[in-house]
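Structure first, then comments.
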Amino acid sequence: MIVKKEYALASITPSTKDVTVFSFKSVDGAGVDFAPGMFAMLFYKNKDTGEEIGRAFSIANAPPSDSFEFMVAMIHGRLTSKLEEAKVGDVYCISAPYGALKLDASTASKLLFLAGGTGVAPFFSMIRYLRANNDRIDVNMIYSIRYPYEIIERQELESFGTDGCGITITVTRPQPGDGWSGQTGHIDAEMIMKYVPDFAERVPYVCGPPKFVQAMKEALISIGVQERAIRAEMWGE
Ligand SMILES: Cc1cc2nc3c(=O)[nH]c(=O)nc-3n(C[C@H](O)[C@H](O)[C@H](O)COP(=O)(O)OP(=O)(O)OC[C@H]3O[C@@H](n4cnc5c(N)ncnc54)[C@H](O)[C@@H]3O)c2cc1C
């Protein structure tokens, strides 16, 4: 049975041209426990027709919390177009937590994250959690975006890099004059070996669109990673 609870929209923060960060706070103030990396179901109810739209979103904040933060690609779909009109204070129903993409900090001391687009959201939760708990952060992440302006929460992401976390950003559609002087191209086996030479010692997590996840699995398998070791979540296109 799905247990839904009411959450009030606490903040709406555009992070990039296409991604907005929404934070929802529990109306009754009770906390929700979830493992970093899991997702929640957000429900919008049309007051006139009673019709409800539910969509999954990775939880980007760290547990435990009485709030959920979602990094939403505003694709003008059925739910995201409702979020375009959302106001602070609006009440939505959320049920959580779900999902198998969970940080298991007790067993994994070295982690490899491969993120595509908003697929970086669960990794924010994991890194924020590790930081908040002063755990030794041995994370190495490669984050793939199409254009430099698509980097979500850029300032915080860069701060992860100065805090013992390896962060490589690769831009797949570099343009003349875009100001990007970093890595370009799609993540492949060669790029993983270059930036994460100890990849074989790390627990691999992959999150992004289905084609991205498939390509990452193939790249990892081609360099000897066992398919069953790869933890993955996917959405979008
Ligand atoms: C486990 C899980 C976690 C998710 N986490 C996130 C998250 O953290 N952030 C986030 O933005 N979305 C996330 N999603 C996707 C989200 O659930 C919705 O599918 C998305 O917001 C679109 O919903 P919509 O009602 O606006 O679009 P719909 O009206 O359902 O239309 C979606 C259509 O747009 C296409 N499409 C194009 N780009 C995308 C895209 N980037 N995402 C989804 N569909 C796309 C789809 O293929 C489909 O045809 C997650 C999905 C799953 C299953």
Take Ala73 and decide whether it is of a type outside the set (D, E, K, R) and under 15 Å from Phe124 (Cα atoms).
-> no
Can you tell me which residue within the range 105-122, out of those that are open to solvent by 20 Å² or more (accessible area, probe 1.4 Å) and in contact with a Gly (Cβ under 9 Å, 6 or more places away or on another chain), is farthest from the ligand (Cβ to nearest atom)?
-> Gly117
Out of all the residues in the range 148-161, is one or more open to solvent by 70 Å² or more (accessible area, probe 1.4 Å), farther than 20 Å from Met38 by Cα and β-branched (Val, Ile, Thr)?
-> no
Determine whether the range 73-93 contains at least one residue that is within 20 Å of Glu233 (Cα to Cα), at pLDDT 95 or above and in contact with a helix residue (DSSP H, G or I) (Cβ under 8 Å, 6 or more places away or on another chain).
-> yes
Determine, yes or no, whether Glu85 is of a type in the set (D, E, K, R) and crowded, with 19+ Cβ neighbours inside 10 Å.
-> no
Can you tell me which residue in the range 19-30 is least open to solvent (accessible area, probe 1.4 Å), limited to those that are farther than 21 Å from Glu84 by Cβ and touching a residue at least 40 places away in the same chain (Cβ under 8 Å)?
-> Ser26
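If we keep just the residues of the range 71-82 that are more than 6 Å from the ligand (Cβ to nearest atom) and in contact (Cβ under 8 Å) with a residue 24 or more places away in the chain, which is surrounded by the most Cβ atoms within 10 Å (Cβ to Cβ)?
Checked the range 71-82; the qualifying residue surrounded by the most Cβ atoms within 10 Å (Cβ to Cβ) is Lys82.
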Looking only at the range 219-237, which residues are open to solvent by less than 50 Å² (accessible area, probe 1.4 Å) and touching a helix residue (DSSP H, G or I) at 6+ places or on another chain (Cβ under 8 Å)?
-> Ala219, Leu220, Ile223, Val225, Ile230, Ala232, Glu233
Identify the single condition in (1) without any contact (Cβ under 8 Å) to a residue 60 or more places away in the chain; (2) within 16 Å of the ligand (Cβ to nearest atom); (3) outside any strand (DSSP E or B); (4) over 16 Å from Ala40 (Cα atoms) that Ala86 does not satisfy, given that it satisfies every other one.
-> (1)
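Go through the range 112-230 and tell me which helices (runs of 4 or more DSSP H), entirely inside it, have 1 or more residues that are within 16 Å of the chain's Cα centre (by Cα).
The qualifying helices (runs of 4 or more DSSP H) are 121-132, 154-161, 210-222.
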Looking only at the range 168-189, decide whether some residue is surrounded by 13 or more Cβ atoms within 10 Å (Cβ to Cβ), within 16 Å of the ligand (Cβ to nearest atom) and within 14 Å of Ala115 (Cα to Cα).
-> yes
Within the bounds of the range 210-218, is there any residue that is surrounded by fewer than 16 Cβ atoms within 10 Å (Cβ to Cβ), without any contact (Cβ under 8 Å) to a residue 40 or more places away in the chain, closer than 17 Å to Ala73 by Cβ and not basic (Lys, Arg)?
-> yes
Pick from the range 31-66, criterion among the β-branched types (Val, Ile, Thr) and within 15 Å of the ligand (Cβ to nearest atom), ranking: surrounded by the most Cβ atoms within 10 Å (Cβ to Cβ) = Ile59
Any pair with Cβ under 6 angstrom, 6 or more apart, that starts in the range 197-208 at a residue that is under 13 Å from Met141 (Cβ atoms) and ends at one that is among the aromatic types (Phe, Trp, Tyr) and buried (at least 24 other Cβ atoms within 10 Å of the Cβ) = Tyr205/Phe113
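The values are calculated or read from the model by the stated rules, or taken from the named source; none is laboratory data. Here the structure is a predicted model, which is why all the values come from computation and not from measurement. Glycine gets a Cβ as well: all are built from the backbone with ideal geometry, and neighbour counts include every protein chain shown. Ligands, DNA and RNA are stripped out before the accessible areas are found, and what is left, the full protein with its side chains, is counted by its heavy atoms. Shrake-Rupley method; radii C 1.70, N 1.55, O 1.52, S 1.80 Å.
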